Amino acid sequence: MPDTASILPELDWRGLFADCTDRAAVERRVAEGPLTLYCGFDPTSDSLHVGNLVPLLSLRRFQIAGHHPIALAGGSTGMIGDPSGKSDERSLLTPDQLAHNLECIKPQLERFLDFSTTVNPARIVNNYDWTATVPVLDFLRDVGKHITVNSMVAKDSVRARMEDRTSGISFTEFSYMLLQGFDFYHLRKTYNCELQIGATDQWGNITVGTELTRKKLGATVWGLVFPLLEKADGTKYGKTAEGAVWLDAKKTSPYRFYQFFMNADDADVVKLIKMLTFVPADVIAGLEMFMAEQPEARHAQRLLAHSMTTLVHGATATTGAEAATAVLFSGTVDAIDAISEEAFGDVVGEVPTSELPRARFEAQGLPIVDVVVHAGLAASKSEGRRAVETGGVYLNNVRVDRVNEMVTTGDLLFGKYVLLRKGKRNYAVIHAR
């Protein structure tokens, strides 16, 4: 049987505990046996992103410890938009957009939680189901009456926006915390949900729910928050120059997802392993010792990237991402021989790619210098010739020794690709169609 009291120590050593409305009471409660808890996810996009992983995986940690997790999909709160952590008003989504987003993120939620166990199965609920039919006057009387404006404007998420005279905060977003508080009240009444979890920026919203539940039901519920996922320099983790790192493989490929974690800074990587993976403490302690001795090996980054890509995309996708990484960073023939066509597709998506008719490679083929110029690795034939003569050109990770070498259909990977490299890291692909 799982040790239900083990969850708080687990959160502590992983750096996942920031604050709790009453930690001592929660400790006593989890020692008594399983409780029901929830965390909300608004469908503001058609995919969750890396920033959602801390709360989502925290739900999973609670479930592993024997508790009953509820993942709340915010069909109604998504229509309003949470002002927490936002300096400007969100663009309102249409009902059709929200419905589409909900359908997309539900499978992602289901990937991380166990819905089939007979002991403590997870549950997905949509708050649109219990808010859509509530008349506005009833909501104002039955919910708004119990929460003072004084307490609402004291919340950090609201006060910061009110102090900004340029953007301000609309009544729509101001009411968001009432809707979230109503969720907690409803879940306590319907499912005996006693705990809400979330990041620290949700503290104000969570405490509205604890207050509303106490006033309307005379019941005690608690809130527990964990730190925001941030880098050592204080910036948010989960963003790149191109934008968010998504969990949907169509929006962020498994290769890019893998590389995102491979590029974790040494100052962040151990914290990320603790917060985002299920790697045990003794393994992490060994990693820290190894990092101190051989930081250049980036062993911790490899473990993080492997664990996260497997968790989000599965073992097959991870194998492909690692194979694509080997092709581009090891530069060996063995890496080419080991990669699948699907995994090579990630390589194609990461390096400059141009096209040539397949017929050009038939019979005698094309001179390597012409291919190098067409791929953009040389500005002219003379420059391409010099690159070959100095041993700086590689065809499918094999150094080209002859300036008059011809590239034929026999050189096409999977019958359609040529991988070219100039120097150590300057790659290009030609797609023969």
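The values are calculated or read from the model by the stated rules, or taken from the named source; none is laboratory data. Everything numeric here is computed off the predicted structure, so don't read it as measured data. Reconstructed Cβ throughout: ideal geometry from the backbone, glycine too, with neighbour counts over all protein chains shown.
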task: Could you check, for the range 156-172, whether at least one of its residues is of a type in the set (Gly, Ala, Ser) and at pLDDT 85 or above?
output: no
message: Cβ-Cβ distance below 8 Å, separation of 6 or more or different chains: which pairs start in the range 101-120 with a residue that is more than 26 Å from ASP3 (Cβ to Cβ) and end on one that is assigned to a helix (DSSP H, G or I)?
response: ASN101/GLY78; LEU102/GLY78
query: Quick one: is GLU355 at pLDDT 90 or above, closer than 18 Å to ALA428 by Cα and acidic (Asp, Glu)?
result: yes
message: Being outside any loop (DSSP other than H, G, I, E, B), among the aliphatic types (A, V, I, L, M) and more than 24 Å from PRO254 (Cα to Cα): is that true of VAL369 here?
response: yes
task: Return yes when LEU328 is among the hydrophobic types (A, V, I, L, M, F, W, C), within 16 Å of LEU419 (Cβ to Cβ), outside any helix (DSSP H, G or I) and within 39 Å of the chain's Cα centre (by Cα) and no when it is not.
output: no
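Condition (residue is closer than 20 Å to PRO121 by Cα, out of contact with any helix residue (DSSP H, G or I) (no Cβ under 7 Å at 6 or more places or on another chain) and crowded, with 19+ Cβ neighbours inside 10 Å) applied to the range 36-53: is it met by at least one residue? Please lay out each step first, then the result.
Going through the range 36-53, the residues closer than 20 Å to PRO121 by Cα turn out to be 36-41, 53.
Narrowing the set further to residues that are out of contact with any helix residue (DSSP H, G or I) (no Cβ under 7 Å at 6 or more places or on another chain) leaves none.
Scanning the range 36-53, I find no residue that is closer than 20 Å to PRO121 by Cα, out of contact with any helix residue (DSSP H, G or I) (no Cβ under 7 Å at 6 or more places or on another chain) and crowded, with 19+ Cβ neighbours inside 10 Å, so the answer is no.
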- prompt: Taking the range 289-300 on its own, how many of its residues are part of a helix (DSSP H, G or I), touching a residue at least 12 places away in the same chain (Cβ under 8 Å) and farther than 21 Å from VAL54 by Cβ?
  reply: 3
- prompt: When both residues are 6+ apart or on different chains and their Cβ atoms are under 8 Å apart, which pairs have a first residue that lies in the range 161-190 and is assigned by TED's automatic domain parsing to the domain that holds ILE147 and within 17 Å of GLY74 (Cα to Cα), and a second that is in a loop (DSSP other than H, G, I, E, B) and of a type in the set (Lys, Arg)?
  reply: GLU173/ARG90; MET177/LYS155
field: Of all residues making up the range 163-190, the number that are assigned to a helix (DSSP H, G or I) and either of a type in the set (D, E, K, R) or surrounded by 15 or more Cβ atoms within 10 Å (Cβ to Cβ) (or both)
entry: 16
task: Name, by its number, the condition in (1) more than 16 Å from VAL225 (Cβ to Cβ); (2) under 19 Å from the mean Cα position of the chain (by Cα) that does not hold for ARG28.
output: (2)
message: Condition first: in contact with a strand residue (DSSP E or B) (Cβ under 8 Å, 6 or more places away or on another chain) and loosely packed, with under 13 Cβ neighbours inside 10 Å. Now tell me which residues in the range 355-372 satisfy that.
response: GLU355, PRO357, GLN364
- prompt: In this structure, does LEU57 turn out to be at pLDDT 95 or above, farther than 14 Å from LEU224 by Cβ and surrounded by 14 or more Cβ atoms within 10 Å (Cβ to Cβ)?
  reply: yes
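Going by the conditions given, is VAL369 outside the structural domain of GLU383 (by TED's automatic domain parsing) and touching a residue at least 24 places away in the same chain (Cβ under 8 Å)? Outline the logic, then answer.
Details: outside the structural domain of GLU383 (by TED's automatic domain parsing): no; touching a residue at least 24 places away in the same chain (Cβ under 8 Å): yes.
So VAL369 does not fit the description; no.
Inside the range 231-249, can you point out the residues that are part of a loop (DSSP other than H, G, I, E, B), on the phi > 0 side of the Ramachandran plot and out of contact with any helix residue (DSSP H, G or I) (no Cβ under 8 Å at 6 or more places or on another chain)?
So in the range 231-249, the residues part of a loop (DSSP other than H, G, I, E, B) come out as 231-235, 237-238, 241-242, 245, 247-249.
Checking the rest, the ones that are also on the phi > 0 side of the Ramachandran plot come to 234, 238.
Answer for the range 231-249, where residues must be part of a loop (DSSP other than H, G, I, E, B), on the phi > 0 side of the Ramachandran plot and out of contact with any helix residue (DSSP H, G or I) (no Cβ under 8 Å at 6 or more places or on another chain): just GLY234.
Applying the selection to the range 388-399, what residues are surrounded by fewer than 21 Cβ atoms within 10 Å (Cβ to Cβ), at negative phi and either touching a strand residue (DSSP E or B) at 6+ places or on another chain (Cβ under 8 Å) or not hydroxyl-bearing (Ser, Thr, Tyr) (or both)?
Scanning the range 388-399 gives GLU389, GLY392, TYR394, LEU395, VAL398, ARG399.
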query: Going through the range 250-278 one residue at a time, which ones are buried (at least 18 other Cβ atoms within 10 Å of the Cβ) and assigned to a loop (DSSP other than H, G, I, E, B)?
result: THR252, SER253, ALA264, THR277
